[in-house]
Every structure is written in C-alpha cells, then in structure tokens.
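Have a look at the structure below, then the notes.
No value in this document is a laboratory result; all are computed from the given coordinates. Keep in mind the model is a prediction, meaning the values are calculated, not measured. Cβ coordinates were reconstructed from backbone atoms using ideal geometry, including for glycine residues, and neighbour counts include every protein chain displayed.
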Amino acid sequence: MKNIRRSSAAVATVATLALALTACSSGGDNDAAANDTPAASPSAEELIKPEQSVGAMEDFKVGTTFKATEPVDFSLMYRDHPNYPVKEDWEFFTALKANQNVSFTRTDIPLSDWDNKRALLFGAGDFPDITSVMYPGQESQFVASGALLPVSDYLQYMPNFSDKVEKWGLSGELDALRQSDGKFYLLPGLREVPDVQYTVCPNDDMWKAAGITEDPKTWDEFAADLKKVKDANPTIKFAMSERWNTSSNWGPLGALMQTMGPTFNTVGGWGYAPTSFNKKDGKFELTATSAGTKDMVTYLAGLVSDGLLDPQITQDDDTANAKFLNGESATISCNTQGITNDIRKKAADTGKTINTHLMVIPGGPAGNVIAGSRLAQGVVLNADVAEKPYFKALLQFVDWLYFSDEGIEFAVWGDANTFTKDASGARVLNADINGNNQNPDGAKKLQADFGFYNGVFMAGTGSTADLVQSTMNDEIRGWTKTIIDGSDLRPANPPTPMDADTREALALLETQVHDAAQTGIASFITGEKPLSDWDAFVSQLDGLGGSQIVDDYNTAYQAAKK
C-alpha cells in the first residue's frame, strides 16, 4: 500500500511546525529539528540513575525483545470491559510473566465508571504507574498538578516510539500535544496510515432498481442518486435515514458529518473541534461558523428539503436501523463493523438478506479528503515512576508493548498458543479461537478467554498498516486500501500550547459554543431555521464566547511559532 497522498502545502506546514516547535522546546537544537525525530531533553541521560534501572536491559533498541533482567511488577490502572471481563489466568498475563519477567498490580475500574474514577484518582495524585486508553487532549487538564510524567524528556529510552515517529513523519502531529512548557505528557498510539472506518451503506437492490451500479464520485452525485433511488422505489419513505445521532460529544448526524467534513474543508459531527486552522488566512477560525461548515450544512439542508434525507436526525440507532432493515429507507451510515453486525446479521436473524457494501467516500468541494490525525489513544505515566527502582525498565517495557512491531502483534494476536502464520505470512488463529474476523463459530474467544485484542494493551489496535489490516476481512481490507490510496490527508491543526488557567477558562466557553452550535446546525438542516438566519447564528456563537476562543487559539499559535 502506498503512503497516503498529501498536498505540498500540507507537507510544508507540518515540516515547518515541527521545526519551530522542536527548536523552541529543545533550546534551539536545529540538528534535532531538521528531521522528524522527536527531540529528547538534553539532560535525560542524567535523569535515570543506576538506582532507577533495576530490571532494565543494557542494550535495548529497535528489534530487541524486551525481557527484564529480573522480575518486575508495575501498577496498572485497568479499564475492565464488560465484553471481556479481566481474568487472572489470561494467556496475556501468563505469557508476559514468563517471557518478559513482567507482572501487574492492577486497579480495576469498570468501563461504565472509567472516565469519572480515572479523573478522581488523577486529581488525588494517587494512581498507578501506567494508565492507558487516554485520548490525545485528555491529559491536558492533569498536567498543571504535576501528576503526569513529561514523557518527552525520556524518548531516548524509547527507541521504537522514536523510530516510528521519524519513519512516518509524525513530529508535527506529536508537537501538537506539547503543553505550555514545551513538553508532552501522553505517549499516543502511532499509525502508519489513518484509521478509516465510517462511510455510507446503500441497499444495493434498491439502488440497482434505479439503474445505479457504481458509487457516486461526489456528494452532488450522491444527492442525484438519492433522488433516482426514491423515484424508483415508491414504497420507501426516504432515500436515506440516519443513525448515530445521540452521542454525548455530538448528536445529530454525528457519523455522517464526521465523514463529510474533510471533503467540505471542515470537521464536523464526531470529528468536531472548537476551532480549525485556515491555511489560506494563516489563522484559526471558529469551526461551527466556517465557510466549509456552512457549505456542508447547506448541502444537508437541501437533502432534507428535497425529501431525500429523513428529518428525524435525533432518532436512536435502533429506529434508524429498523427503517433500513424494513425497507423504509435505502441508505444509512455504517462502518467496517456495523455492515456485518448491524445490517447483515440482524437481517439474517429475521430471515432476510440485504445486499449492501461500504460505499467509497464521495468527494466534496475540497476533493477526496479524509481526517488527518494518525495519533490514537495512548499511555500516560505517573510522575512518581521517575523515583521507582524499575523506572528505566518500565519505559523499555511500555516502548516494547505499545510501540514495537513484536509487542503490538503480541497484544493483537497473542502468541504461539493462539495463532500461526501461513506460507504467505498471514496470521491465522487456531481453529477453535474466535476473533479478529476469523472462526466466528470458534468455542473460545481471543478477547474474553485469552486477554488479547484488548484496548488496554493496544495503542489504537496496531500501528503498522500490515498489523491494522491483518484483522480485517478481504472486503474491509479492499475498501480501506481504496480510500487511503485515493484520498488526501487533512492536515492536523498546528500546535496551540496553553497554560492551565487559559485552558480551564476556554473549556467553559467551548462547552457553551458547542451546545449552541449543535442545536443551531441541527435546526438549519431540518429546516426549522432558514439558512438566511446564518449571520444571526454567527453573532450568537461569537457572543457566547466564539470570538474569545478564536483569539486564544491564535495567540497560542503565534506564541508557539516563536
């Protein structure tokens, strides 16, 4: 698979930002800033003394299998998932103890209470050595208290992490995680290629009845096709009725606008961010009132007014899925898991067969563009680990498990007791194990019975394109390749490091603006408000704090460039 295409402007922007931020944060070390290797603190070598090196390997580098020189036990904040409740005898734990000399003392927290309990423990400053399933940005609120380790000071002890950042050109995105002190506190999951999961699924039979046998190349063609589908299938109520409207971070059309946003030169739905960087103007703007967002909202409002898109854009998933399964609609948002679990299997359960496929994402005014970040959920460390006797060993272990090809493969697939490789190098689970799109009738489950493919121990389900795609079936793998090979990558926003007080004040304003934006955009799409009221909408958001938000981001952006 070839690397995803980037525009020359995007490459220049990322390279320039990486240079500026690295030089600023490392005392003007231009040699370090000239490439994509993340700069470590000049004094990092002295920060880890022999008394903090118990169990550490003497020569740990890329390709080295980590094994502590003596048994070490790390404390771990563990997110306990109801689909695979933690078991003491999981192969994951026993293999680590036997092969890496590592065991865990866990603090188990149910998934339902994960965010709240984690915040309480962080706030109290009394939490385990390792906490994973942290998404970029979630760590910022805990930096000022000194609870988290500035991991950027210790990258020379993490060769696998540093190697992937350099090879995949991720310094620009990584620098966006730097706080006002120039350091970052999260080790994010690293992806060789973007994570693409969401698109639209048509009822193929209904679309073929309209004479449509190829995916639309643009959203305008998509709208024209919806009109043909509705005309050719008079029994349907709407050509499209949407699901994924009730998420807490963005409700109406959350998945659809996330998919569409980059093609309209914006971010929306689940991908919404308070501000977006306008490359042409060289400054941040309020996302909800940007030209790209207005174009996208205008397009969606047109689908509703033409009777093509169901105006019930707050309905729950079950209602939307039922309309699609019952033939009341011919199109619905879907993803690489839902096409099987939510459509094909549920149709089969009722004795039906629905022919469908993952539509190639249409292009918009900005072209064929997908969301840009290649950083995934990651790991933070308690600042206290710097004083632990096993500190260096812990850094090496985290680097091996979460960022080495060997460690990630172990977390995703297991070991010799769970899988083998065939002559082509493809990973094949044992016939009695169900997981990773293999052996659906297997009596044992890779997650629940062995502890592998567990989000706690994977920084984004794998990092190399090979590992990520190894868990896909042929249909998903082919669709993913088509999207990545045929799309440009929307650049991530440049860094805007802010101090704790500024972030706290911004959070309140951003919540106000977010809520009003969500309500207003939904009203425009359904036709409750005419698009002629857009200027009043802009003024409303500015008055709620939109102008201040933009000013703060631009101030931080300018400061970061110095």
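Distance between the C-alpha centres of segment 80-137 and segment 263-327: 36 Å, rounded to the whole angstrom. Relative contact order, whole percent, for segment 378-530 stands at 16, derived from Cα pairs under 8 Å and 6 or more residues apart.
Proximity of backbone amide H atoms, modeled 1.01 Å from N, is registered between residue 283 and 278 at under 5 Å, excluding neighbours fewer than 5 places apart on the same chain.
For the peptides 370-380, 206-216, residues were scored by their other Cβ atoms within 10 Å and the scores averaged per peptide; the highest-first order is 370-380, 206-216. The ellipsoid equivalent to the alpha-carbon distribution of segment 200-335 has semi-axes of 28, 17, 11 angstrom, derived from the gyration tensor eigenvalues as √(5λ) and listed largest first. When the convex hull of its Cα atoms is viewed from all sides, segment 174-267 shows a mean projected area of 9.1 nm². Residues whose amide H falls under 5 Å from that of residue 369, counting only those 5 or more places apart or on a different chain, are 263, 364, 488, with hydrogens built in the peptide plane.
If both residues of a DSSP beta bridge must be in the chain, then about 55% of such bridges are antiparallel.
Each Cα pair under 8 Å and six or more residues apart adds its sequence gap; the mean of these over the residue count of segment 202-266 is a relative contact order of 20 percent.
Shape summary: segment 52-93 maps onto an equivalent ellipsoid whose semi-axes, from the alpha-carbon gyration tensor, are 28, 13, 10 Å in decreasing order.
Counting every C-alpha pair in segment 303-347, the share spaced more than 15 angstrom apart comes to 43%. Using only Cα coordinates, the Kirkwood hydrodynamic radius of the chain works out to 25.1 Å.
Over segment 344-422, the reciprocal of the mean inverse Cα-Cα separation, the Kirkwood hydrodynamic radius, stands at 18.2 Å.
Computing Rg and the Kirkwood Rh from the Cα coordinates of segment 468-517 gives a ratio, Rg/Rh, of 1.28. In percent, rounded to a whole number, the relative contact order of segment 318-413 is 13, using alpha-carbon pairs under 8 Å and six or more apart. Between residue 181 and residue 534, what length comes free when the chain is fully extended (0.36 nm per residue of separation minus the Cα-Cα distance, one decimal in nm)? Between residue 181 and residue 534, full extension yields an extra 123.1 nm. Considering segment 492-562, its Cα convex hull presents a mean projected area of 5.5 nm². Using all pairs of distinct alpha-carbon atoms, the Kirkwood hydrodynamic radius of segment 406-468 works out to 11.8 angstrom.
The three principal axes of the C-alpha atoms in segment 349-483 carry coordinate ranges of 60, 47, 35 Å, sorted with the longest axis first.
Spin-label model, residue 542/residue 424: points 7 Å from Cα along the beta carbon direction are separated by 5.8 nm. Put simply, the Cα atoms of segment 441-496 extend 45, 33, 14 Å along their principal axes, the longest span coming first. Binning the alpha carbon pair distances of segment 63-193 at 10 angstrom intervals from zero yields the distribution 10, 34, 37, 19, 0, expressed in whole percent.
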